[in-house]
Amino acid sequence: MLDKKTRIRTGKEYRNVFEKGKRFSGRYLIMYYLENAAENNRFGFITNKKVGMAVIRNRIKRQLRAIVRKYPGQVRKNHDIVLVARAGIGKTSFEGIEKDYIFIMKKAGLFAKTANNTN
């Protein structure tokens with residue numbers, strides 16, 4: 001679980017990111033991001049019914065949280081980031097989701113270039 005200071009929690013905060021932020025798409029994820037005034041990144045996760053039943057949606061959200069926790073220092077600071085799961089994500093592996101996350105973060109210029117990157 002992500003602690004409260006690293007989560008986007010209210011509908012108003014989500015709407016703000018959707019309306020004012022930038023959008024990048026991958027095969028399994030859509031990412032919206034917006035600079036914030038906080039000293040750290042805040043994340044939000046969305047899975048809709050097109051992804052699958054509640055069990056699958058919750059599994060996907062757990063996997064996305066695990067991926068975010070895996071790369072804490074490699075994402076540029078001071079951003080609100082919302083990850084939206086696309087239909088078909090439930091049929092892919094954890095590694096496939098992780099590769100897509102890294103791909104869209106690099107595409108958006110949010111992933112720092114370090115020697116520890118897997119891609």
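Each value in this text was obtained by applying a stated rule to the coordinates, not by laboratory testing. Values in this document were obtained by computation on a predicted structure and should not be read as measured data. Here Cβ is always computed from backbone atoms with ideal geometry, including for glycine, and neighbour counts include all displayed protein chains.
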Please report, in Å, the Rg and the Dmax of the stretch 1-70, where both are computed over Cα atoms only.
12.6, 36
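On a full-extension model of 0.36 nm per residue, what is the gain between Ala87 and Asn40, subtracting their alpha-carbon distance, rounded to one decimal in nm?
The Ala87-Asn40 span can extend by a further 14.0 nm.
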Under a point spin-label approximation (7 Å from Cα along Cα-to-Cβ), what is the Val55-Arg76 distance to one decimal in nm?
4.1 nm
Through the Karplus equation 6.51 cos²θ - 1.76 cosθ + 1.60, θ set to phi - 60°, convert the phi angles of the stretch 96-105 into ³J(HN,Hα) values in whole Hz; use x for Gly and Pro.
x, 5, 4, 4, 5, 4, 4, 4, 6, 5
Find the eigenvalues of the gyration tensor of the Cα atoms of the chain, then list the square roots of 5 times those eigenvalues as equivalent ellipsoid semi-axes, largest first, in whole angstrom.
20, 18, 13
